[in-house]
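All remarks here apply to the structure that follows.
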Amino acid sequence: MNMQKYLKPQVAAIQPSVIRKFFDLAAKMEGVVSLGIGEPDFSTPLAFCEAGWRSMQQGKTGYSPNPGLLELRQAISAYLQRLLGLTYRPEDQIVVTVGGSEAIDATCRALLCPGDEVLIPEPTFVSYAPCVELCGATAVPVPTDAADGFKLTPQQLEAAITPKTKAVVLNFPSNPTGVVMSQAELDALAEVLLRHDVLAISDEIYAELIYDGLSHASIAKAPGMQDMTILISGCSKSLAMTGWRIGYVCAHPDILSGIYKIHQFSLSCASTTGQYVAIEGLQNGQAETRRMVAEYDRRRQFIVRRFAEIGLPLCKPQGAFYAFPSIAGTGLSSTQFCEQLLQEEKVACVPGNAFGASGEGFIRCSYATSMENIAKACEGIERFVNRHAGRCGE
Ligand code: PMP
């Protein structure tokens, strides 16, 4: 019996993740080297885990306050003051969520009505559009160009805004491109947003994974933009805490109180143990983050050099842990490239079109894996590209 008719149309319309489909294929094969995973390959540092263990020994195993432990919100506030020089009050401007993922969903649900439009620069992280569409709102893709370094330009933003535009999603450092925007570039976007009364939903979960001596820039820091920005972040990436499910959302109290209502009635609170782990990480984890960032940077430099040797053009990734080279020169589509690479060389990457139509012609390679794996994967990619470049010229 077909029971799909019972699903609400917005749910039925959501397409299964291309990434998932692809990795189901890879999982059936033996000896695959994967550059597919968007997750730190480091375990949560032991000192953070011990703080969680101590809290459990002290019997702190019940619900936390709905918006999160005050001590954690204070630690987040102090962290954001250090990172951005902005003040977010722990009492009414920060809610601790179940990962950045819940923060994205709850923000959409608090803001969006059917008919609202949300601009999503592409290539983009895969969760935003489904979260927008589930609210009955419209996700409007805004393609960005490799020639602009996959950065949204003020002209592209201006051209995409309509009277229905409620918000734009920004995600820098970016998943999947690894690109970062400078403060001046974000300030230029802010000027357009303020002129049109459009909010920014800014996912800054990779803020600390940034290289080449750059410091993190945020749309929230642009003049007049803090109140117009819903800042989303979390501990998954920079503190290697994906499994603990701790994220957070920061906003003007009027907006945050709406997000909080949704959080309160759908999730109650994030994991209490996870919150104790996060407090330790945020307060005392800087050296661990620096150690991980140094290792990601070593791998980044290696993979950038290898892609240059292989002849795959690449926008220089300066943040997160992804490289997004062009494979257009092989004459294959991204899906063909990734499927054949997997079959022929047992190397798994993610086809760029998984991140929106403008990702076609690119592949996402995560370097959140060992140097040994990266080196092996690059050898496979090199053999594969040489074979196919040869065929292209025939
Ligand atoms: N935003 C981006 C850009 C991400 O890449 C991820 C995880 N892949 C998330 C949010 C969600 O992270 P989490 O829910 O684990 O905190």
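Output the residues belonging to the range 27-45 that are surrounded by 19 or more Cβ atoms within 10 Å (Cβ to Cβ) and assigned to a loop (DSSP other than H, G, I, E, B). Break it down into steps so the answer makes sense when it comes.
Taking the range 27-45 and keeping what is surrounded by 19 or more Cβ atoms within 10 Å (Cβ to Cβ), we get 33-36, 38, 40, 44-45.
Once the filter is applied, which keeps residues that are surrounded by 19 or more Cβ atoms within 10 Å (Cβ to Cβ) and assigned to a loop (DSSP other than H, G, I, E, B), the range 27-45 yields Leu35, Gly36, Gly38, Pro40, Thr44, Pro45.
When you check Val169 against the structure, is it crowded, with 19+ Cβ neighbours inside 10 Å, touching a Lys or Arg at 6+ places or on another chain (Cβ under 7 Å) and not in a loop (DSSP other than H, G, I, E, B), yes or no? No.
Touching an Asp or Glu at 6+ places or on another chain (Cβ under 6 Å) and touching a residue at least 24 places away in the same chain (Cβ under 8 Å): is that true of Asn175 in this structure? When the stated conditions are applied, Asn175 does not pass them. Filtered by the rule that a residue be near the ligand (Cβ under 10 Å from one of its atoms) and within 13 Å of Leu152 (Cβ to Cβ), the range 171-187 gives Asn171, Phe172, Ser174.
Give me a count of the residues in the range 51-85 that are under 16 Å from Cys235 (Cα atoms) and hydroxyl-bearing (Ser, Thr, Tyr). Summing the residues that are under 16 Å from Cys235 (Cα atoms) and hydroxyl-bearing (Ser, Thr, Tyr) in the range 51-85 gives 2. Only residues that are assigned to a loop (DSSP other than H, G, I, E, B) and surrounded by 20 or more Cβ atoms within 10 Å (Cβ to Cβ) were counted in the range 246-262, giving 1. State whether one or more residues within the range 311-319 are in contact (Cβ under 8 Å) with a residue 12 or more places away in the chain and assigned to a helix (DSSP H, G or I). Checked against the condition, which is being in contact (Cβ under 8 Å) with a residue 12 or more places away in the chain and assigned to a helix (DSSP H, G or I), the range 311-319 yields no hits at all.
Scanning the range 135-145 finds no residues that are within 16 Å of the ligand (Cβ to nearest atom), touching a residue at least 12 places away in the same chain (Cβ under 8 Å), on the phi > 0 side of the Ramachandran plot and not in a strand (DSSP E or B). The number of residues in the range 83-124 that are assigned to a loop (DSSP other than H, G, I, E, B) and either away from the ligand (no atom under 12 Å from the Cβ) or surrounded by fewer than 22 Cβ atoms within 10 Å (Cβ to Cβ) (or both) comes to 14. Of the residues making up the range 203-234, those that are crowded, with 24+ Cβ neighbours inside 10 Å, more than 12 Å from the chain's Cα centre (by Cα) and part of a loop (DSSP other than H, G, I, E, B) number 1.
Just so you know, all these numbers are worked out from the coordinates, no wet-lab data involved. In this text the structure is predicted, and so the values were computed from the model without any measurement. Cβ: placed from backbone, ideal geometry, glycine included. Neighbour counts: every protein chain shown.
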